[in-house]
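Encoded as structure tokens, the structure appears first; notes follow it.
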Amino acid sequence: MSALEAGKKGRAYERPEKPVRPRDAASLVICRQRKGVTEVLMGRRASRHRFMPNIFVFPGGRVDTADRQAKIAADLAKPVARKLQNKWSPQMARALAVAAVRETFEETGLVIGERQKDGVLPNLAALDYVARAITPPDSPMRFHARFFTIDVNEASGRVRDSDELQNLQWFSLDDALAMDVVDVTEFVLGEVKRRHEGWRPPGVPLFSYRNGRAVIKYEA
């Protein structure tokens, strides 16, 4: 299923006359090991969502203005920061990672950093940056999503459903790949699986669309 098809599921969308500018977004693939099997945390998007309702995804969402000025407990590791800063400023690189951590807390209850009264003081040190994706030009809602990964041992708290993500569950990578997920999610799952099997990518992959077809390009 393509991201556009998922976005239209149960909706009557019309294609915009001009491509919509993608909104900056970030997602977090949280992994854990169970009896030698890598599992990932995914939840079903609420049916009220305009974009990809009722579809299983990773926690994540749009970058907020506050993410750009947010205080942090620890910054990104230098190799990870360099990968991001090849494309964006240090401030934007940090904001993307902060958004991934913030959205994860809001949608799953998991804390990556220090719990505070008004949310989380993010600890970005254990995040890795694995991929980015841009939704199709003919979609009425577009996102430029960056995907991070982290091991669940770097988080605290208890997983709980939210208004945004429901039926949160741990899936093996093979089971997740067999689900009816959108093409972008399938792509990221495949990237994570290959890394856990020891593959080292030539760069950070970009998943985008050209002439209606998905295109993958690795960027140094």
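Bear in mind these aren't lab numbers, they're just calculated from the coordinates by the rules spelled out. Being a predicted model, the structure only gives us computed values, none of them experimental. All Cβ positions, glycine included, derive from the backbone under ideal geometry; neighbour counts span all protein chains shown.
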Normalised Cα Rg of the chain, dividing by 2.2 N^0.38 Å with N its residue count, works out at 0.96
In this structure, the FRET efficiency calculated for residue 138 and residue 180 from their beta-carbon separation, with R0 = 22 Å, to the nearest 0.05, is 0.50
In whole Hz, the Karplus estimates of ³J(HN,Hα) for the stretch 183-188 (6.51, -1.76, 1.60; θ = phi - 60°; x where Gly or Pro) are 4, 5, 4, 4, 4, 5
Here, residue 154 and residue 195, labelled 7 Å along Cα→Cβ, have an inter-label distance in nm of 0.9
Restricted to pairs 8 or more residues apart or on different chains, the lysines in the chain with C-alpha atoms under 22 Å apart form a number of pairs equal to 10
Note: residue 86 to residue 114 extended length (0.36 nm per residue) minus current alpha-carbon separation gives 7.2 nm
Scalar couplings 3J(HN,Hα) for the stretch 99-105 by Karplus 6.51 cos²θ - 1.76 cosθ + 1.60 (θ = phi - 60°), nearest whole Hz, x for Gly and Pro, are 4, 4, 5, 4, 4, 4, 5
Quick calc: nm separation of the 7 Å Cα→Cβ label points for residue 20 and residue 46 -> 1.8
Zone reached by a paramagnetic label modelled 7 Å from residue 32 Cα along Cα→Cβ, restricted to the stretch 96-129 with backbone N below 13 Å, covers 109-111
